[in-house]
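Written below as structure tokens is the structure these notes are about.
Bear in mind these aren't lab numbers, they're just calculated from the coordinates by the rules spelled out. Only a predicted model underlies this, so the values are computations on that prediction, with no experimental measurement involved. Ideal geometry is used to build each Cβ from the backbone, glycine not excepted, and the neighbour counts take in all protein chains shown.
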Amino acid sequence: MLRAVSHSLLNISAATLRGLVSWFESNKREMPWRNTRDPYRIWVSEILLQQTQVATVEPYYNRFVKTFPNVEALAKAPLDKVLKVWEGCGYYARARNLHKAAKQIVAMGGKLPQSSHELRKLAGIGPYTSAAIASIAFGEAVQVLDGNVERVIARVTCEEGFITEKSVHSKLKATAEVWMQAAVKAELSPGALNESLMELGATVCKPREALCSDCPLKKVCVARKTRDDVTELPRKPVMQTTPHYDIGAAIVRKNGRILITKRPEKGLLGGLWEFPGGKKERGETLEECVRREMREELDIQVEVGTQIASVKHAYTHFKITLHCFECKHVGGEVKLLHVTDAKWVRPSELRNYAFPKADRVVLDILTNS
DNA sequence: AAATCGGGGGG
DNA sequence: CCCCCAGATTT
């Protein structure tokens, strides 16, 4: 055990690390947040980049910093507006926590904390993000260990253990720490080492394709030397298949307006608006499901008309097909039984509200027909 | 330690 | 169409 770690520690030379960073300097992709030193913008970019690819993040980042140019602007904005800018980007707890942390920072005097330890205390900032901001924005010698860096180190050190095991994770982290110390001794900047390793993982040492001939670490990579297929590392347990649900949803119309409801602040799609509805139960038709959901969630009676859309969508732990029906409101005043808010909205105003992706598809069908 | 929490891209 | 990706928080 000790030997495996020691081996990788002793083998990373200043020259190799310099080669890595200079590879990065000449191969790095252009990104909007790489043109700024503003810690606020670097923070926003790192939150958006959690679980999300660079190409997806770019338009969201540009819109976000234009709408909320600094911590104060973000802190004083209503959450609904923050969610609207985040609409479609997923993992909405990130937006809620970013907003919450902005308020925390303003309460602390308006300046972002500069150490990874202090950053870690803010909502939505965990081990990865605190290290990323501290190293990139403030030059702290703290290593990041995101999925890219884990993969690069697992391959370079030929770590065969399952990535989900704590001991394996600790080993990779220990190696990353030693590399960081070696980089500091070689007078390389901590942020540059971290960005180099992440960029290498994203563009060369990729999950299902390793472009080893382009890799600045190819001479020291143990997996490349000893294995047929480096992409088998890091090892991961097989994922189990996810359940599928049919959802019945209603476009309830009254006096030219459509009824939308707001989801609870916590949990799945928290704080977003949607067309009311819910899971179809066994032995129930979609039409019966819609009538039942309108009764249970809102205490209204509807007449279910034609189906206007059937949208498939995959979440992290299950899949849905959203079946959407035109409905006529025929009785009952709306009561907030299982929703936090409800509004009758003109079709042209629907786009002012933040909807989940599946509902956005329905909305597009609705307004383009 | 395991489950929750989106949406995009690739084969 | 299915499979893969992966950081923070909650349980």
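Okay, here's what the table says:
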read-out: Sites A:M239 and A:I365, calculated FRET efficiency, Cβ-Cβ separation with R0 25 Å, nearest 0.05; value: 0.20
read-out: The stretch A:264-369: trypsin sites (Lys or Arg not before Pro) in DSSP coil with no more than 13 other Cβ atoms inside 10 Å; value: A:K266, A:R282, A:K335
read-out: Once the Cα gyration tensor of the stretch A:10-134 is diagonalised, semi-axes √(5λ) in Å; value: 28, 18, 13
read-out: Length gained when the stretch A:N352-A:R292 is fully extended (0.36 nm per residue, less Cα-Cα span); value: 18.8 nm
read-out: Dipole axis of the stretch A:2-232 (+1 Lys, Arg; -1 Asp, Glu on Cβ), positive-most option in A:G88, A:S130, A:A107; value: A:A107
read-out: Neighbour net charge for A:T52 - beta-carbon separation under 13 angstrom, K R +1, D E -1; value: -2
read-out: Contact order relative to length of the stretch A:244-367, as percent, for alpha carbon pairs under 8 angstrom and 6 or more apart; value: 34
read-out: Top of A:E46, A:E297, A:E274 by mean-square fluctuation, Gaussian network on chain A, Cα under 10 Å; value: A:E297
read-out: Chain lengthening between A:R282 and A:R37 when straightened (0.36 nm per residue, less Cα-Cα); value: 82.7 nm
read-out: Neighbour net charge for A:S213 - beta-carbon separation under 13 angstrom, K R +1, D E -1; value: +1
read-out: Potential lengthening between A:S310 and A:T203 on full extension [0.36 nm per residue; Cα-Cα distance subtracted]; value: 34.9 nm
read-out: Local electrostatic count, A:L172, Cβ distance below 13 Å [Lys/Arg +1, Asp/Glu -1]; value: 0
read-out: A:V345 long-range amide H proximity, modeled H, under 5 Å; value: A:I258, A:L259, A:I260
read-out: Mean Cα-pair separation over length for chain A, i.e. relative contact order, pairs under 8 Å, 6 or more apart, %; value: 16
read-out: Point-to-point label distance, A:T321-A:E303, nm (Cα→Cβ direction, 7 Å offset); value: 2.8
read-out: Tail beyond 29 Å, pair distance distribution of chain A (Cα, percent); value: 52
